[in-house]
Every structure is written in structure tokens, then in C-alpha cells.
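Asks: Can you keep this structure in mind? I'll have questions shortly.
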Amino acid sequence: MIYSLPKLSGEPVALPHFPTRLQAFIFRAAEYIPTERIAKILRTDEKNVIRAAEDMGLPHYDPKNIWLDRGYITVIRRMWHILPYEQLLELLDIDAETLARILRDEDFLDVKLSDKPICQRLEWRELTEEEKRQTKEIKGIMQTLDLSGKQPFEFEYKTPKIEFGGRERFSTRMIYAFSGLYQHAFDLDSEKFLPDEQLEAYRDLGINGIWTQGALSQIAPFPFDPALSEGYERRIERMRAMTERLGRYGIKLYLYLNEPRSMPLAFFEDHPELCGHRKAEDACLCTSLPEVREYLKSAVESVCRAVPLIGGFFTITRSENLTNCYSHALYNCNCPRCKERGVGEVIGETVGCFLEGARRVSEDIKVFAWSWRWDDFNEEVIKNLPKGVILLSQSELDIPFEIGGTRGNVLDYSMSIVGPGERARREWHLARERGLELGAKVQINTTWEASTVPAIPVTPSISEHISALEKEGVSHLMLSWTLGGYPSRNIAEAAKHFYEECRMSSEERVHRAAEEQFVSAFREFPFHIKVLYRGPQNAGPSNLLFGKPTGYKATMTCFPYDDLESWRGIYPTEVFESQLGKLCDAWRVGLDMIPEGDESEGAIMARAAYCLFRSSLNQVRFIRARDEGRLSDAVTEAQNELEVAKNMLTLMNKNAAIGYEAANHYYFSKGQLAEKIINCNYIINKLK
């Protein structure tokens, strides 16, 4: 294998709300996987699987292959603590090499999942009488739940059509496709995951660009090991077809390049001359070498020639991926060539490769250099950027705050604290001095503050932010990372600033007073990068309650577990709980301004956001009560959490976008909320 699977470590979390782990598997798998495959994995027949599902009161699911095509990350996450690797591969119908590549390239999914628990192989067996009795209790709960309504991936877009006129204020307005596939965008025809209805909504909202990841070795020949590029011709054909389709809606395709990708040390046994900075079991392809730079230029050139409608590229040169020799080493570079050169020189030269490759084909292809994590070297890097590159700065970066008496600084992904921040302003000033055009990366729909609500209803903040960017002279907008691409009223609010003139032909009822209240409430969110990545607010009511501490550490935007220590970030526990309480109380005031029977998109999103925030508060209070031996208080919080889970399930029946986020697929599904309801009932009965 070129890439390795995460190591095996630790026992899986206990799931005592199921009589057996076999039933936990069937309960989870039935929602996503055809019955025939479940039976094959358990070495039994379909009748037994159907009977087991019916005994638990599960509805008749007919998932076909939609989850394996468009929701495989959800499946992997749900099975991480259930199946050993062997059966997980069988479930997904892939080999170990493919799974390792998915975990590595799907926006650092291996990091989000962390080590693989040591799971025992599952095989079919009949239940004991006691297990049958417990199973009847599960069925009784399931029979009270409604899992009908909107089905998974049944996305609807109710957006106003906007007529634009006058001068164009922002020439690039790109976003990540709400239902985009990060790693496999060119392994499927785009119609399968990016429907015309979504493209029409983007066009009507003034969006003129969609971005997705592009791994060069997968879309262009990799000269150092051609086998790694196997199938690139078909992927390029799909990319070309996608750009032609997007073009019918006035939309361009932009590729995110994170290059040159590092390689395992074994690769350099045959290519020692290419080896740059080493880190653990990988090393960089050194960009100080002419042959590596020519690879980057030629690969970009070949993509541009094969896909003439491409809009351009943006690159992050210091991302979580190991790429150039300074991508992970500002002060301790061990590459014998690059350590003699400056950070700005190496990074500027790398960006220049992308620009030259594009310019070999057309002057109209845009190349953005994102300044993420240039840190103390941002001035040096900007001075080394070639003319023609557009500087893309993170608008929310470097905004001081004080929340609950705790001081901090915004690093990323803030909608509760409105940008632009001071670092972005400084970078734009430097770029203007060099004659570079300015771009801003912003979040206008959602962030890791509440990512499973596709559009947090705080439109006054959005208008404030985009207006400020216009005054800064920004002319290019990247409106979302992988989260935040939902065609929504939030984008419509931003679109009012895209041109000098903006007329909406129709608009959903706007709860302006309520949204002003939500803006005020959101300021109470205990913001910190560790809270965003480790806290419970993204999983919300799908995160299980545990009667005993699991000992597991929360992972980045994946498994919160019951790790309150990690959740709270820089905040003392009491302050963290207090701020969540203030947020919920103030948000509740805004909800009371919306008529009870209002089922507009804005109203549904507002209620869903409240569920995430209230669930976070419930979980903090539950863990504190559990660990301090206050069992009656723990029961109260479990009861509160039970109601929130039921409310979120009702909202998911009304809008299939809730719970979905492109980098995690469905962060939670309706079946997952049903399991949480069973879990809450179990905890309540156990602790009473």
C-alpha cells in the first residue's frame, strides 16, 4: 500500500442502549446499506436481517447505493466503532488502498476519525430471551417516531431570483457546491451530485464560480510514477463536461490545488533526488528542483488545455497537507536546498508555477494565492508573489474578542464575530502596494459554530461584512469553505452587494427583528478555534450521552464524545456553560418573534440552530452532573436532550439539508437521531 490506514488502538465506545453490538450494526446499517450486503457481511440470509430490523421497529429503508455514492463518509463514521477493517471494506465494497486514499484525501478524514478502535468481527446469532425483551423496548420507542417527510439528499432550494444591473462590484463570486464531492468530484458525472436545480439557484443568486479539490496526480500525468495517475483521462473528460454544464448557467469551475503532494518515504527509494523536507513517514517533492517545478507547470497547463472553460485555481501553500518544504516547517526545514532559501522565496516560487502553467494557455485564467498560515512570514511571501496572482486573505482572521471575561483572537470560521480582521486588512494593504488584486475568503452561510444548520439566520451580519469588504477594495469573493454552500437567503443578502443595482423579483418572508435578535444572541457564543473543532455544537443532539466517562478525546469536527475538557477551549468550565446558557436564552427570544406555525426556510433554520445550541448546553450540564454524582440533575438534562433530539428530527422531516455538510456528508441522519432518542431513554431509565 502507498498509504496506510489509521492504526488500531483502544476499545470501541460502549453502546449499552442496544442489547447486542450486532443489533447496533443492523440498526445503523439498515438506513444506508442494501439488505443483501448487510446479510452477506453477517454471513446470514436477508430474512434474518429483515426480521432483526423489524424487531427493532425500523422503517422499511430502501437506500439502494445513494449513501455509498454520496454519503460514504457518513457510513464510515457510523461504522468506525462497530466494524473491524475487514468488514468495513466489505461494507463499502472497496479495497484497503482505496479506503486509505479516501481517509487521507477527503479533507483529512483520517485526522477527524483518529485511531481505529479494535472492533471484533460480527456474525449473525439469535437473541437470548432477555435480549428479546430489551429489543421490544427499542421497538416501542421507534413506533412513536416519525421518520417520514423529506428523505436524505432530497434538497430543495427556494431562493429569490435577483436582477442585477450597473457596475459589477465583485468580479469573482465562488462557492463550494452544497452537495459537492470533495475527493470524487471527477469520478462521477456531475449530474449525479450537482443537480440542475442547484445550479439554477446559484445563477439566480449571482454566484459565478464553484470550486472543488483537484489533486494534480489524479487529473494530469504524474511523471515520477505514472501508475498514480491511472484513469486521469476519464476524470479530465468529466471535468470538461462539468465546465460545459456549469457554463450554461454562467458559472466557472475553480480547482483547489494543494501541491505538490508529499509522498511516503518508500517512494523516494527510487527517486532520492526529489526528496525535500521529511516529516514522519512522508517527505516533500522539493520545489527548489527544476524538474518538480516543471511538473507543476506542465500539469496545470495540461488541465487548462484539456478543460478550456476552466475559471482558475486557488492554492494553499501551508495547509494541513504536507506539500512544499516550508508547508509544515517555517523554522526547522530539513531540506538541504530549501533551508538555504527564504520562506517567501520558496512559497512565492511555488505559486508562480501555477500561474505560469495557466498563462501558457490563457491570460484569463485566474490564480489565487490564499495566505492561510503564512503567519509571521506573510509580508515576505506577499513581496515574492508574482504579478498576476490574486491575494486571497481570510477575512475573519485576527479579530480580538472578549466573551464572558475571556479574551481571545479569531483564527478562522467566524460568523458570530464579524470581519474583516486586522491581519486581512494589513495583507490587502501590502498587496495593493504591489499592484495585486484582492480577494477575501468569508463564511456567509454557516461555520463550525453550527455547521449542520446550512444557513444560520443572521443576515444583518452578512450585509455588514460584505459592505466592509467592498470598502476595502476587495473585488473577488470566496464565499465558503466546504461548509456553507447552501443556496439560501444568506447568499441573497450578500448578493445585494454584488452589483450597483439589485432587484429581487420575489423574496421569502424575512424576520428582520428576529434576525437582529439572533445576531445579538450569537455574540454570546463561546468562540475559540478549539471550541469550533472539538465542541459538541456541530453534532448537537446526535452526539450520544454516556452513563460513564468514555475516556475518548474529541476529534476535529467528527466525534465530540463526552470530552468536555476539549470542548471548552480557552474558557473555564463554568464560563463555557454560562455562555451557552446566555446564547440559548437570547436565541429563544428571537424564536418567540417568529409565528409558531411559520415553516419558512428561515424559521426552520432558526429552530435548528437553537437545537444545536441547546443540545450543547444540555450535554455540558449532563456531563458535569454525571461526573459530580448529581444523578437527578443528569436525568433532567437527559430528558431535556430527549426533547431536543425529537425536535431536530421533526425539522429534518421538513428540510433534508439539515444535518448535511459537504466535508462530512450527513453529519447526522434521521436514523442517527432515532438512536439518540433510544440512547436518552436508556440513560434516563438507568440513572433514575
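Asks: For segment 507-576, which fully contained helices (runs of 4 or more DSSP H) count at least 1 residues that are farther than 30 Å from residue 686 by Cβ and out of contact with any strand residue (DSSP E or B) (no Cβ under 9 Å at 6 or more places or on another chain)?
Replies: The qualifying helices (runs of 4 or more DSSP H) are 512-522, 529-534.
Asks: Within segment 280-302, work out how many residues are open to solvent by less than 10 Å² (accessible area, probe 1.4 Å) and part of a loop (DSSP other than H, G, I, E, B).
Replies: Total meeting the criteria: 2.
Asks: A follow-up question, please. Can we say residue 194 is open to solvent by less than 50 Å² (accessible area, probe 1.4 Å) and closer than 19 Å to residue 291 by Cβ?
Replies: So residue 194 fails the test.
Asks: Also: Taking the stated definitions as given, is residue 534 more than 30 Å from residue 195 (Cβ to Cβ) and open to solvent by 10 Å² or more (accessible area, probe 1.4 Å)?
Replies: Answer is yes for this residue.
Asks: Tell me which residues, restricted to segment 367-387, are outside any loop (DSSP other than H, G, I, E, B), within 18 Å of residue 438 (Cβ to Cβ) and open to solvent by less than 50 Å² (accessible area, probe 1.4 Å).
Replies: 367, 368, 369, 370, 378, 381, 382, listed by residue number.
Asks: Restricting attention to segment 627-665, and to residues there that are acidic (Asp, Glu) and out of contact with any helix residue (DSSP H, G or I) (no Cβ under 6 Å at 6 or more places or on another chain), which single residue is farthest from residue 609 (Cα to Cα)?
Replies: 628
Asks: Okay, moving on. Which of (1) under 25 Å from residue 550 (Cα atoms); (2) open to solvent by less than 10 Å² (accessible area, probe 1.4 Å); (3) in a helix (DSSP H, G or I) is the odd one out, the single condition residue 649 does not satisfy?
Replies: (1)
Asks: Hey, another quick one. Can you list the helices (runs of 4 or more DSSP H) found entirely within segment 58-144 that contain at least 3 residues being charged (D, E, K, R) and modelled with pLDDT of 95 or more?
Replies: Once the helices (runs of 4 or more DSSP H) in segment 58-144 are filtered for at least 3 residues that are charged (D, E, K, R) and modelled with pLDDT of 95 or more, what remains is 129-142.
Asks: Looking at residue 686, is it at pLDDT below 95, assigned to a helix (DSSP H, G or I), surrounded by fewer than 23 Cβ atoms within 10 Å (Cβ to Cβ) and not small (Gly, Ala, Ser)?
Replies: yes
Asks: Name the single residue, out of those in segment 471-523 being out of contact with any Pro (no Cβ under 7 Å at 6 or more places or on another chain), open to solvent by less than 40 Å² (accessible area, probe 1.4 Å) and of a type in the set (Ser, Thr, Tyr), that is modelled with the lowest pLDDT.
Replies: So the residue we want is 482.
Asks: Any idea which residue in segment 319-333 is surrounded by the most Cβ atoms within 10 Å (Cβ to Cβ), counting only those that are at pLDDT 90 or above and touching a Phe, Trp or Tyr at 6+ places or on another chain (Cβ under 9 Å)?
Replies: 326
Asks: Among the numbered conditions (1) within 17 Å of residue 491 (Cβ to Cβ); (2) open to solvent by less than 10 Å² (accessible area, probe 1.4 Å); (3) among the small types (Gly, Ala, Ser), tell me where residue 467 comes up short.
Replies: (2)
Asks: Restricting attention to segment 247-269, and to residues there that are closer than 24 Å to residue 171 by Cα and in a strand (DSSP E or B), which single residue is most open to solvent (accessible area, probe 1.4 Å)?
Replies: 252
Asks: Take residue 657 and tell me if it is out of contact with any Asp or Glu (no Cβ under 7 Å at 6 or more places or on another chain), within 21 Å of residue 606 (Cα to Cα), of a type in the set (A, V, I, L, M) and not in a helix (DSSP H, G or I).
Replies: yes
Asks: With closer than 22 Å to residue 303 by Cα and not small (Gly, Ala, Ser) as the only criterion, which of 359, 337, 407 stands out?
Replies: 359
Asks: Taking segment 528-556, which residues are modelled with pLDDT of 95 or more, hydrophobic (A, V, I, L, M, F, W, C) and in contact with a Phe, Trp or Tyr (Cβ under 7 Å, 6 or more places away or on another chain)?
Replies: If the condition is that a residue be modelled with pLDDT of 95 or more, hydrophobic (A, V, I, L, M, F, W, C) and in contact with a Phe, Trp or Tyr (Cβ under 7 Å, 6 or more places away or on another chain), then 531, 532, 539, 545, 554 are the ones that fit.
Asks: Being within 18 Å of residue 550 (Cα to Cα) and without any contact (Cβ under 8 Å) to a residue 60 or more places away in the chain is the requirement here; does residue 638 meet it?
Replies: Judged against the criteria, residue 638 is not a match.
Asks: Follow-up. Give segment 660-683 a look and list any residue that's closer than 25 Å to residue 69 by Cβ and not in a loop (DSSP other than H, G, I, E, B), or say none.
Replies: Scanning segment 660-683 gives 660, 661, 665, 666, 670, 671, 672, 673, 674, 675.
Asks: Sticking with this structure for a sec: Since residue 407 meets every condition but one in (1) closer than 25 Å to residue 569 by Cα; (2) open to solvent by less than 70 Å² (accessible area, probe 1.4 Å); (3) assigned to a strand (DSSP E or B), which condition does it not meet?
Replies: (2)
Asks: What do you reckon, is residue 232 farther than 23 Å from residue 445 by Cβ and more than 22 Å from the chain's Cα centre (by Cα)?
Replies: Judged against the criteria, residue 232 is a match.
Asks: Go through (1) modelled with pLDDT of 90 or more; (2) under 25 Å from the mean Cα position of the chain (by Cα) one by one and return the number of the condition residue 169 breaks.
Replies: (2)
Asks: Considering only residues that are acidic (Asp, Glu) and without any contact (Cβ under 8 Å) to a residue 40 or more places away in the chain, look in segment 586-632 and name the one that is surrounded by the fewest Cβ atoms within 10 Å (Cβ to Cβ).
Replies: Selected residue: 596.
Asks: Between a residue in segment 42-57 that is open to solvent by 70 Å² or more (accessible area, probe 1.4 Å) and any residue that is of a type outside the set (A, V, I, L, M, F, W, C), which pairs come within a Cβ distance under 7 Å, given they are 6 or more apart or on different chains?
Replies: 43/123; 46/35; 46/36; 50/35
Asks: Taking residue 305 and the conditions (1) open to solvent by 50 Å² or more (accessible area, probe 1.4 Å); (2) within 20 Å of residue 251 (Cα to Cα); (3) in contact with a helix residue (DSSP H, G or I) (Cβ under 7 Å, 6 or more places away or on another chain); (4) not small (Gly, Ala, Ser), which numbered condition does it fall short on, given that it satisfies the others?
Replies: (3)
Asks: For segment 421-435, which positions are open to solvent by less than 10 Å² (accessible area, probe 1.4 Å) and part of a loop (DSSP other than H, G, I, E, B)?
Replies: Passing the criteria: only 421.
The values are calculated or read from the model by the stated rules, or taken from the named source; none is laboratory data. Predicted model, so just to flag it, every value in this text is computed and none were measured. Neighbour counts are summed over all protein chains in view; Cβ atoms, including those assigned to glycine, are modelled from backbone coordinates with ideal geometry. Calculation scope for accessible area: heavy atoms of the full protein, side chains included, ligands and nucleic acids excluded. Shrake-Rupley method; radii C 1.70, N 1.55, O 1.52, S 1.80 Å.
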